[in-house]
Amino acid sequence: MKSVRIDLDQRLLDSAAAIMGTSDSAATVNEALRRIVVHERQWRHLERLAAGALSAADPVTIDG
């Protein structure tokens with residue numbers, strides 16, 4: 001795993017750790033990253049599903 005030095009807002013880090021139940025900074029940051037990736041994938045999937053549902057709700061009429 002790559003080691004990176006970054007400055008973190010300690011209060012925000014502590015709040016995130018309490019919410020996620022993580023025990024150290026690395027675990028908190030990794031869990032936060034995992035959660036945002038899952039969230040964004042779910043959101044994009046939902047957007048694609050909604051777009052498909054909206055398209056299906058508007059039937060295409062072919063003149064002929």
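The values are calculated or read from the model by the stated rules, or taken from the named source; none is laboratory data. What you see is a predicted model; the values in this text were computed from it and never measured. Note that we place each Cβ from the backbone using ideal geometry, even for glycine, and neighbour counts take in every protein chain shown.
Quick notes on this structure:
- Of all residues in region 1-28, those being out of contact with any helix residue (DSSP H, G or I) (no Cβ under 8 Å at 6 or more places or on another chain) and touching a residue at least 12 places away in the same chain (Cβ under 8 Å) number 0.
- Within region 7-58, the set of residues being modelled with pLDDT under 95 and not in a helix (DSSP H, G or I) comprises Asp58 only.
- Verdict on Ser3 being at pLDDT below 95, outside any helix (DSSP H, G or I) and either surrounded by 11 or more Cβ atoms within 10 Å (Cβ to Cβ) or of a type outside the set (Phe, Trp, Tyr) (or both): yes
- Top-ranked residue in region 29-52 [being among the basic types (Lys, Arg) and under 11 Å from the mean Cα position of the chain (by Cα); ranked as surrounded by the most Cβ atoms within 10 Å (Cβ to Cβ)]: Arg35
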